[in-house]
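What follows is one structure encoded as structure tokens, with my remarks underneath.
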Amino acid sequence: MLASRAETRGRVSAPAFLRLYLCFAAAYLLSYVYRNINAVISPELTASLGISASSLGLLTSGYFVAFAAMQIPAGMLLDRYGPRRVEPVLLSVAGCGALAFAASDSVGGLTLARALIGAGVAVCLMAPLKAIAAWYPAERHASLSGWMMVAGGAGALLSTAPTAAALSFVSWQGIFVVLAASTFAAAAAIFLLVPDTPHPPNAAGWTAQWHGVRTVFGSRRLWWMAPLGSATIGSFMAIQGLWSVPWLIEVNGYTRDVAAAHLLLMGGAIVGGYLGIGVFATPLARRGIATRHLYAGGFGLNIVVLALITLRTPWTYVLWAVYGLGAAVNVLGFALLGQGFPRELAARANTAFNLLMFCGSFAMQWGIGLVVDAARSRFGIDAGAALQFAFTLVLVVEFLAYGWFVFGWRRYAVVAPTAEASA
């Protein structure tokens, strides 16, 4: 009864969503800019530092390693201390990482800086989702979370053609200084304008929370979904965040500005996909098209289109836009996974799934670079042919992961939550 009253008081006194949205959305937008900006500035990084494809993949993927490593502890910190106290501290780490990136002139320094940025933005989605769950009734969660995803999509857009245009006036180092200042401002806004979330009177201790984490990682349902999420959204983030521009330049023969325009269109398609999910997911579910069907269909489309891109099919603007549209279903993975867990484990299940997807992105981003370098040295082929070989290997992994997902469909697709989360 006491917890229920506290929760009710928290929700009655919830601040206006617009104020929260502007604060949290600014941080989430910046996290997407950080994630994807290396794709656009990769020619400058390569030219100014003389680094190889594998080194470029390694330093860029440092973001994903640190981001993934922070998921479980950051989720526990959010449950205990709330978004207002946790996210500003981590954003300050990201701001310092951006300044270090601007000042670095070696692969080691850039990799460490990217890792600081990744750790610093690790809760830019989980923090607002925690706040939404604490302050607002359940029937509003989907729509409010959808708007937060739109902010991330806007950040992906900002890191494409607008960033390419900015490079005509300022260096990539200058861009990172501006990003650092913006990150510190977002941290201050959250700390000053966002109130504390209601604190549960009987919060679980660290031992009980770790037991919940072990329960999640022991779940067969997680490992049914993890291969597809890790391979498909992991490769998408790696390609969107780094290898898309080298592909469009080396394979398709486009200029950097044209390549950035492709990413802008792809980012717009992702935003459209998020909006479409928010508007149509519930009506479609009433007609028998459930979350699992949208998830499987979207990732299936994503894989097919990547195959067409790898085959150098014409109409590249359309292909890259549809590639982004299919990836928008990644947000449904959290809802689909949560159907197999009780509510008290939902946050830890989400962070576990997020961790595995970002581990997949690290492996894909660095792995593509390693394959490109190895193929060029062993087979004597140019960068374009090496990228095509690397993308083909990515497709093999994705097809295998999709097959595993289909294989487990009857057993895991429809599962009611259980107290043990053994689904």
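Overview of results
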{"read-out": "Shape call, the range 353-411: gyration tensor on alpha carbons, a/c limit 1.5", "value": "oblate"}
{"read-out": "Mean Cα-pair separation over length for the chain, i.e. relative contact order, pairs under 8 Å, 6 or more apart, %", "value": "26"}
{"read-out": "Unit charges at the beta carbon, dipole of the chain: most positive-side option, G360, V371, W224", "value": "W224"}
{"read-out": "Options [x] 65, 43, 40; [y] 70, 49, 37; [z] 67, 44, 31 - which one matches Cα extents along the principal axes in Å as calculated here", "value": "[y]"}
{"read-out": "For the range 296-301, Karplus couplings with θ = phi - 60° (6.51, -1.76, 1.60), whole Hz, Gly/Pro x", "value": "5, x, x, 6, x, 4"}
{"read-out": "In sequence order, calculated HN-Hα J values of the range 326-340 (Karplus, 6.51, -1.76, 1.60; Hz; x Gly/Pro)", "value": "x, 6, 4, 6, 4, 5, 6, x, 5, 5, 5, 4, x, 5, x"}
{"read-out": "Selection from L91, T111, V178 lying farthest towards where the dipole of the chain points positive, charges on Cβ", "value": "L91"}
{"read-out": "Summed residue charge, Cβ within 11 Å of L193's Cβ, Lys/Arg positive, Asp/Glu negative", "value": "+2"}
{"read-out": "Net charge over other residues, Cβ less than 10 angstrom from the Cβ of R411 (K, R count +1; D, E count -1)", "value": "+3"}
{"read-out": "Linear extension gain, W147 paired with A374, 0.36 nm per residue minus alpha-carbon span", "value": "77.5 nm"}
{"read-out": "Magnitude of the charge dipole, the chain, Cβ model with Lys/Arg +1 and Asp/Glu -1, debye to 20", "value": "1160"}
{"read-out": "Cα-projected label distance for F217 with Y81, points at 7 Å along beta-carbon direction, nm", "value": "2.2"}
{"read-out": "Principal-axis tilt of helix 206-217 within the chain, Cα atoms, nearest 10 degrees", "value": "60"}
{"read-out": "Of all accessible heavy-atom area on the range 289-340, the percent that carbon and sulfur account for (1.4 Å)", "value": "76"}
{"read-out": "Residues W409 and V318, FRET efficiency given R0 of 35 Å [Cβ-Cβ distance, rounded to 0.05]", "value": "0.75"}
{"read-out": "Carbon/sulfur fraction of accessible area - the range 67-185, other protein chains in place, 1.4 Å, %", "value": "71"}
{"read-out": "At most 16 other Cβ within 10 Å, DSSP loop - trypsin sites (Lys or Arg not before Pro), the range 312-371", "value": "R312"}
{"read-out": "Accessible area per residue in Å² at 1.4 Å probe, computed on the chain", "value": "41"}
{"read-out": "Under Karplus coefficients 6.51, -1.76 and 1.60, residue-wise ³J(HN,Hα) of the range 169-180 in Hz, glycine/proline x", "value": "10, 9, 6, 5, 5, x, 4, 6, 5, 4, 4, 4"}
{"read-out": "Loop-resident sites, the range 90-171, for chymotrypsin sites (Phe, Trp or Tyr not before Pro), counting at most 12 other Cβ within 10 Å (DSSP)", "value": "F169"}
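The values are calculated or read from the model by the stated rules, or taken from the named source; none is laboratory data. This is a predicted model, so every value here is computed, not measured. FYI the Cβ positions are ideal-geometry reconstructions off the backbone, even for glycines, and counts take in every protein chain you see. Side chains are part of the model used for accessible areas, which takes the heavy atoms of the whole protein and leaves out ligands, DNA and RNA. Shrake-Rupley method; radii C 1.70, N 1.55, O 1.52, S 1.80 Å.
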